[in-house]
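Have a look at the structure below, then the notes.
The values are calculated or read from the model by the stated rules, or taken from the named source; none is laboratory data. Please read all numbers here as calculations on a predicted model, not as lab measurements. Glycine gets a Cβ as well: all are built from the backbone with ideal geometry, and neighbour counts include every protein chain shown. Accessible surface is based on the protein model in full, side chains and every heavy atom, while ligands, DNA and RNA are left aside. Shrake-Rupley method; radii C 1.70, N 1.55, O 1.52, S 1.80 Å.
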Amino acid sequence: AHDVTDTRRSQEILVNALRRERQVVARLRELDHAKDDFVSTVSHELRTPMSSIIGSAEMLLDGLVGDLDPAQQQLVEVVERNGARLLSLADDLLLLATSDAGGRTEQTQDLDLRDVVRESIASVDSALAGRRLETCWDLPDQPVPVSGEPSHLERAFTNLLTNAVKFTPDGGQVALRLRQAPEHRTALVEVTDTGLGIDAAELDQVFDRFYRSATVQEQAIQGTGLGLAIVRTIVEAHDGRIDVASTPGQGSTFGVTLPLRRTPSVRPG
Ligand code: ADP
């Protein structure tokens, strides 16, 4: 009789523990949702005033309200540059919060990946200006059909290129290569630089939110540590994969693999 009571008692304890655990999980989910909502509302609310600060600074720089003396010009440039940094931080947080919440902001389209990559290359022009870096862009002659959200994919490649430029000292090289691997039904984009490189121990962490290597912080190279977290989020949302290989002091290669879109086969005749 003793045994039966004991068994019943342990069953009760177990059932209660499971029930409590389920309640805790539900509560954590709720809090996680609240966090996503909060981050996305705040980022969204920051965008409007930031845009108007940047717009006003641009009007001043364009001389729309008269000429600025060099000191004024310099100060307004500081306002504009830092405004742009804040805006892009708000955009980054918004994108991550939206993706955490499982949301999609845009429609998926049929794309030629070459077009997306060309846009990214064009958008690092300003980062390359004034730098002494050799660049090499290698795109195939044939279209590379994928499906995806063009602005997000462009953002991913732009982030990789911006990093390559940022972490490579003058005299170095930055390259991008796009290839199709039809046998694997994938497209591969590789961004290679001859820059600082990443320690083996840090390779796993570079995709974490807000992670910045010690070297980068010591050298006071600007950044938020969100760039690669965003690249990974975007690539994974496209059923792709991102890899990195690096040798400290010699350079890094980031490779993005995306599934090719199945194109209807053309029948002869
Ligand atoms: P951020 O560039 O804003 O610091 P990222 O998320 O883009 O943030 O990168 C995280 C960290 O990974 C960087 O701070 C740097 O330490 C390392 N890293 C990223 N790309 C490169 C690269 N091309 N070469 C060397 N280190 C890199």
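Things to note:
- In the stretch 187-217, of all residues being open to solvent by 30 Å² or more (accessible area, probe 1.4 Å) and of a type in the set (A, V, I, L, M, F, W, C), the one that is modelled with the highest pLDDT corresponds to Leu188.
- Condition check for Asp243: exposed (fewer than 15 other Cβ atoms within 10 Å of the Cβ), part of a loop (DSSP other than H, G, I, E, B) and away from the ligand (no atom under 11 Å from the Cβ): no
- Scan of the stretch 147-186 for residues that are away from the ligand (no atom under 16 Å from the Cβ) and open to solvent by less than 10 Å² (accessible area, probe 1.4 Å), ordered by number: Gly148, Glu149, Leu153, Leu178
- Evaluated against (1) open to solvent by 50 Å² or more (accessible area, probe 1.4 Å); (2) away from the ligand (no atom under 16 Å from the Cβ); (3) touching a residue at least 40 places away in the same chain (Cβ under 8 Å), Gly102 falls short on exactly one condition, (3).
- Thr263 in a loop (DSSP other than H, G, I, E, B), more than 11 Å from the ligand (Cβ to nearest atom) and among the hydroxyl-bearing types (Ser, Thr, Tyr): yes
- From the options Leu86, Leu95, residue that is surrounded by 18 or more Cβ atoms within 10 Å (Cβ to Cβ), touching a residue at least 24 places away in the same chain (Cβ under 8 Å) and within 16 Å of the ligand (Cβ to nearest atom): Leu95
- Selection count where residues are among the hydrophobic types (A, V, I, L, M, F, W, C), more than 6 Å from the ligand (Cβ to nearest atom) and open to solvent by 10 Å² or more (accessible area, probe 1.4 Å), scope the stretch 219-238: 3
- Flag if Arg20 is part of a helix (DSSP H, G or I), within 25 Å of the chain's Cα centre (by Cα), surrounded by 10 or more Cβ atoms within 10 Å (Cβ to Cβ) and without any contact (Cβ under 8 Å) to a residue 40 or more places away in the chain: no
- Matching residues, the stretch 120-146, being crowded, with 16+ Cβ neighbours inside 10 Å and under 23 Å from Ala229 (Cβ atoms): Ser120, Ile121, Val124, Ala127, Val146
- Within the stretch 203-218, the set of residues being within 19 Å of the chain's Cα centre (by Cα) and within 7 Å of the ligand (Cβ to nearest atom) comprises Val206, Tyr211, Arg212, Ser213, Val216.
- Selection count, the stretch 148-174, where residues are small (Gly, Ala, Ser) and more than 17 Å from Ile242 (Cα to Cα): 3
- Out of Asp6, Asp32, one residue alone is among the acidic types (Asp, Glu), open to solvent by 70 Å² or more (accessible area, probe 1.4 Å) and in contact with a helix residue (DSSP H, G or I) (Cβ under 9 Å, 6 or more places away or on another chain). It is Asp32.
- Residue in the stretch 187-201 that is away from the ligand (no atom under 15 Å from the Cβ) and not small (Gly, Ala, Ser) present: yes
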